1. Provide 255, 24, 94 ordered by accessible surface of protein heavy atoms (probe 1.4 Å), highest first.
2. Starting from the 7 Å offset along Cα-to-Cβ, what nm value, one decimal, do you get for the label separation of residue 17 and residue 244?
3. What order do you get for 130-139, 228-237 when each peptide is scored by the mean count of other beta carbon atoms within 10 Å, highest first?
4. What dipole magnitude, in Debye to the nearest 20, does the stretch 1-139 give about its Cα centre under +1 on Lys/Arg Cβ and -1 on Asp/Glu Cβ?
5. Within the set of other residues whose C-beta is less than 13 Å from the C-beta of residue 125, count the net charge using Lys and Arg as +1 and Asp and Glu as -1.
6. When the chain is fully extended, how far beyond the present Cα-Cα distance does residue 34 get from residue 158, taking 0.36 nm per residue of separation?
Amino acid sequence: MTVVLVRLKLALLRGGLRQSAGRRTAYVVSLVVALLVAALQLLGLVLLRGSTHAPTVTVLLMTLLALGWAVLPLFFPSGDETLDPTRLVMLPLRPDPLVRALLVASLVGIGPLFTLCLAGGAGYAVAHGAAGAACTVVAVPLALLTCVALARAVAAANIRLLSSRRGRDLAVLSGLVIAVGAQLVNFGVRQLGSAGGLSALGPVTGVLRWVPPASAVAAVDAASTASYGTAAAQLLLCAAAQGALLTWWRRALTRLMTSPDGSTLQAA
């Protein structure tokens, strides 16, 4: 099933790009912009290697990345329709194989590639020695899978609302939320500049180091400083979070594919 869904997503992407020149242009522009931003971020993380602020920056970066994966499905519900589970309702599919296949197929796209670049750069920035390098090999894929599972679980749990007219109205209002969030981020950056820079975020990053998927990158830093128990605990915490997200996703898919929606009940 995994191979079939990956091939299905690739076929749907190719078919969508063949529909119009405007869609192809938009996809190519999005890909180029994402790769350019990822390359700049990756270069910055590589240059950050060895800095005392590297653990703080990488933890904050992974936290913001996970937040983006969590909220984007709510603001842009039609961003990726190639793996819409409602289109698979009539097929005799079991929940567990379906979740595994959808998770692997979800790794195909611009977003996962962007996340992989940033997670890899974050791991490289804090990795030192053989232990740090070995932990990076585990932490980077784990952080990527956690972000993708988070986005899919949120989307599956809210797809009925997001596909309705009320959900589309809420998506229109998301622009206001994004604008307010941008102002809050700007205010926070100014406050950091007046409070002594990144050193003022020590207590915040101390907490975020234990919040998945940032805990996976923090585990690399802990392994690099020979804190092997802390590194193992942070990796296990991220793995447990991913397991919880997959369970939530499985339950949302089961409820979505076995219960009728409002339109069906009204028609009946």
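The values are calculated or read from the model by the stated rules, or taken from the named source; none is laboratory data. Remember, predicted model here, so these are calculated numbers, not experimental data. Heads up, the Cβs are rebuilt from the backbone with ideal geometry, glycines too, and the neighbour counts pull from every protein chain shown. Accessible surface is based on the protein model in full, side chains and every heavy atom, while ligands, DNA and RNA are left aside. Shrake-Rupley method; radii C 1.70, N 1.55, O 1.52, S 1.80 Å.
1. On the way: 255 130, 24 100, 94 170 Å².
Of 255, 24, 94, the descending order of accessible area is 94, 255, 24.
2. 3.8
3. 130-139, 228-237
4. 400
5. 0
6. Separation in residues times 0.36 nm, less the Cα-Cα distance, equals 42.0 nm.
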